[in-house]
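J.: Take this structure first; my questions come after.
The values are calculated or read from the model by the stated rules, or taken from the named source; none is laboratory data. These figures come from a predicted structure and were not determined experimentally. Please note: Cβ atoms are built from the backbone with ideal geometry, for glycine as well, and neighbour counts cover all protein chains shown. Note: accessible area is taken over every heavy atom of the protein model, side chains too, but ligands, DNA and RNA are not part of it. Shrake-Rupley method; radii C 1.70, N 1.55, O 1.52, S 1.80 Å.
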Amino acid sequence: MSEEDPNRFIADHVIGLPRSGIRDFFELVSAMKDVISLGIGEPDFTTPWHIREAAIYSLEKGRTHYTSNLGTIELRREICRYVDEQFGIGYDPKSETIVTVGVSEAMDIALRAIINPGDKVLYQDPCFVSYHPTVTLAHGIGIAIKTEAASAFTIKADAVKEAWEPGCKALIINLPCNPTGGVAERAELEEIARFAIEKDLIVISDEIYAELTYEGEHVSIASLPGMRKRTIFLHGWSKAWAMTGWRIGYACAPAELTEAMMKVHQYSMMCASIIAQDAALEAMKNGADAVQKMKVQYKRRRDLVIRRFHEIGLVCHKPQATFYAFPNIESTGLTSTEFATRLLEEEKVAMVPGTAFGKYGEGFVRCSFATGYDDLIEACNRIERFVKSLDASGSKISENAEVTRLSN
Amino acid sequence: MRIFSAIMNEVFKLLAEGERLNESQMAEILGLSEKDVDAQLAALQEEGLLLGWIPVLNPSTGSDNIVRGVIEVKVTPERGGGFNRLAQRIARFDEVESCYLMSGAYDLLVVVKQSSLHKVASFVSERLSTIEGIVSTATHFMLRAYKEQGYLIEQVEEEKDRLDVTP
Ligand SMILES: Cc1ncc(COP(=O)(O)O)c(C=O)c1O
């Protein structure tokens, strides 16, 4: 590094952070035309009108100021009512919930509030792209827990135990899971909870996809005996209410933990946008029907995509929640990145390589079915053509230069 | 009325989403054969759940001389039949697009579509008001449509500006 190189100013733990694999892929896709993207991790629906209208009204009323650091008390009351009703966990709106700039910020302040340098944090893998980097930015050490297709990408208590090592302080779980669509049975969660208690772990539970559960019950680990006091519950409106661009979410946790998160939030973010808070309040009060309507469509699209993958000959478990399918592409003989890159170049369909979500994502690609029927049908036809062409050519090894460039 | 079968229900809900899908696409989405979809659509129509396939047209464009009159009609109900006989009689006119029994200050709401004001007026004065049992009518003319059967008209297009790939 030369004396002139601006890199010399950058902190070591930031320089060391890998760029998100999503970013690489995004650049490849956006340079191309007429791509059908199944790579988008957000709803295709626009935020329901009544929610947008509430935000307009809020602006008209001149609601343009800072709010309490924790968020408006009206919204916090609705959050606590909702979390109690839907998840069966009681929190005090005055001291046990904090409104954040998305679950992204909630995850960040949760980790920064609890992690001392060198603390180890267990997290499921494959998982949402930000978990490991956020742990690193909080000066923690991330330890991946393997989740597998064989168990439909649930977190097995045994895998948690296997990954655990001395110095582990926290466990991050995301059920239902982006990118795998994995969910957990109550019994499995109970065993994980017992282990968390035994090892005195604090659990950060990101339940942002809970509403988009199509089969079975969603159980929050925070609702299990002994867990409320050692869990930080994260949730937000981005997915089920189609509000990604509003940047709003929340955390619920015992008062002491909420207070600690509040300190980090107070000095970095101050408060979440008041307009987004007012919109979220409307979503809490009157959004259930709209959520239900979107959910019905996601489910139908899921059934379509899963059926087509099976017809095509790609092994894929049926996700019971989320808008992601996570097909196994090993039968093609390609790596995730090779598959995704060649599919993009040869058939103009974008799916994100599983490795963008962690090392255990190799052999898989993430297919987001938050897209209209026309595109889904056409994309599946193209995928079919692509997979057949691989079978026909018999060449299991890619000779594509682009692939090697990307897989680095 | 027959009870909805599960498949019929699925077909019906998909239709109600209002996307333009042909039968092969519907079959693909629902995992049915085209023949099944076809049979279900026929059944829906037979059962009178699906009335027809008139497209939802934008009332403010296309043909310039379409006039819609919305007519509030008061009638004297009849012993035995109530409003039905009169309402059905009115509904049969080709000019009548829809006809509803209403609660409140009047009894029937009749929507009439014609090619001129004059024609609506003469329909009201010559056909409607002369029917025995009709007490009074009040005719309003529709000026502009903002939403037609669930479809928004002439508004700022919602931009679909999602990025190509996101986490
Ligand atoms: C599992 C998971 N957590 C958190 C987020 C971020 O959500 P927010 O928009 O609330 O920051 C996402 C978005 O993709 C996600 O998939």
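J.: As a test, work out the antiparallel percent of DSSP beta bridges whose residues both lie in chain A, rounded to the nearest 5.
T.: Bridges in chain A that DSSP calls antiparallel: roughly 40 percent.
J.: Estimate the FRET efficiency between residue B:100 and residue B:33 by the formula 1/(1 + (r/R0)^6), using the beta-carbon distance for r and 45 Å for R0, to the nearest 0.05.
T.: 0.70
J.: Same structure again: For residue A:169, list the aspartates and glutamates whose Cα falls under 18 Å from its own Cα; do not include residues on the same chain fewer than 8 positions away.
T.: A:108, A:119, A:125, A:158, A:191, A:198, A:200, A:206, A:256
J.: Another question, if that's okay. Apply the Karplus parameterisation 6.51 cos²θ - 1.76 cosθ + 1.60, with θ equal to phi minus 60°, to every residue of the range A:299-314 and state each ³J(HN,Hα) to the nearest whole Hz, in sequence, with x for glycine and proline.
T.: 4, 5, 5, 4, 4, 4, 5, 5, 4, 5, 4, 5, 4, 6, x, 8
J.: Is the range B:2-46 best put as rounded, prolate or oblate by its Cα gyration tensor, with a ≥ b ≥ c the root eigenvalues, rounded for a/c under 1.5, and otherwise prolate when a/b is larger than b/c, oblate when not?
T.: Here the range B:2-46 falls in the prolate category.
J.: May I ask you to compute the full-extension gain from residue A:185 to residue A:60, defined as 0.36 nm times their residue separation minus their alpha-carbon distance, rounded to one decimal in nm?
T.: Here the segment from residue A:185 to residue A:60 would lengthen by 40.4 nm.
J.: Separate question: Return the long-range amide H neighbours of residue A:37 (sequence gap of 5 or more, or a different chain), with a cut-off of under 5 Å between placed amide H atoms.
T.: Result for residue A:37 returns A:350.
J.: Got the relative contact order for the range A:49-286 handy, in percent, Cα pairs under 8 Å and 6 or more residues apart?
T.: Reported relative contact order: 29 percent.
J.: With a 1.4 Å probe on protein heavy atoms only, tell me which residues of the range A:9-36 lose at least 20 Å² of accessible surface in the complex relative to the chain by itself.
T.: SASA drop of 20 Å² or more in the range A:9-36: A:22, A:26, A:29.
J.: Let me check against my output: what whole-number percent is the relative contact order of chain A, with C-alpha pairs under 8 Å and at least 6 apart?
T.: Contact order relative to length: 22 percent.
J.: Could you tell me how many degrees, from 0 to 90 and to the nearest 10, lie between the Cα long axis of helix A:21-30 and the main elongation axis, the longest principal axis, of the Cα atoms of chain A?
T.: That works out to roughly 60 degrees.
J.: Write down the accessible area per residue of the protein assembly as shown in Å², having rolled a 1.4 Å probe over the full set of protein chains.
T.: 49 Å²
J.: Provide the buried accessible surface between chains A and B in square angstrom, both chains summed, 1.4 Å probe, rounded to the nearest 100.
T.: 2200 Å²
J.: Which residue, A:262, A:233, A:272, has the largest displacement toward the positive end of the dipole of the range A:232-303 when charges sit on each Cβ (Lys, Arg +1; Asp, Glu -1)?
T.: Toward the positive end, the furthest listed residue is A:233.
J.: So, by mean Cβ neighbours within 10 angstrom, what's the order for B:39-49, A:77-87 with the highest one leading?
T.: Packing proxy ranking, top to bottom: A:77-87, B:39-49.
J.: Follow-up. So what's the angle, to the nearest 10 degrees on a 0 to 90 scale, between helix A:102-114 and the longest Cα principal axis of chain A?
T.: The angle comes out at about 70 degrees.
J.: Among the listed pairs A:61/B:160; A:293/B:35; A:156/A:359; A:120/A:161; A:239/A:299, give every one whose C-alpha distance is greater than 19 Å.
T.: Among A:61/B:160; A:293/B:35; A:156/A:359; A:120/A:161; A:239/A:299, the Cα-Cα distance tops 19 Å for A:61/B:160; A:293/B:35.
J.: What are the lysines whose alpha-carbon lies under 16 Å from the alpha-carbon of residue A:94, with same-chain residues fewer than 8 places away excluded?
T.: A:263
J.: Just order B:21-28, A:219-226 by mean Cβ neighbour count inside 10 Å, highest at the front, would you?
T.: Highest-to-lowest ranking by the protection proxy: A:219-226, B:21-28.
J.: As I understand it, the dipole of the protein assembly as shown uses +1 on the Cβ of Lys and Arg and -1 on the Cβ of Asp and Glu, about the Cα centre. Which of A:123, A:46, A:136 lies farthest toward its positive end?
T.: A:46
J.: When the helices in the protein assembly as shown are scored as -39500 (n - 2.57) per DSSP H run of 4 or longer and the sum is shared across all residues, what 222 nm value do you end up with, to the nearest 500 deg cm²/dmol?
T.: -11500 deg cm²/dmol
J.: Which residues, if any, in the range B:143-167 lose at least 20 square angstrom of accessible heavy-atom surface (probe 1.4 Å) when the other protein chains sit next to their chain rather than the chain being alone?
T.: Buried-area filter returns B:158, B:160, B:162, B:163, B:164, B:165, B:166, B:167.
J.: Follow-up question, since we're still on this one. How far is helix B:34-46 tilted off the main Cα axis of chain B, in degrees rounded to 10, range 0 to 90?
T.: The answer is roughly 20 degrees.
J.: Accessible area of the protein assembly as shown with a 1.4 Å probe: how many percent of it is carbon plus sulfur?
T.: 51 percent
J.: Show me the ranking of peptides A:251-260, A:56-65 by mean Cβ neighbours inside 10 Å, starting with the highest.
T.: For the peptides A:251-260, A:56-65, the packing ranking is A:251-260, A:56-65.
J.: Note down the relative contact order for the range B:1-95 as a percent, whole number, built from C-alpha pairs under 8 angstrom at least six residues apart.
T.: Normalised by residue count, the contact order of the range B:1-95 is 18 percent.
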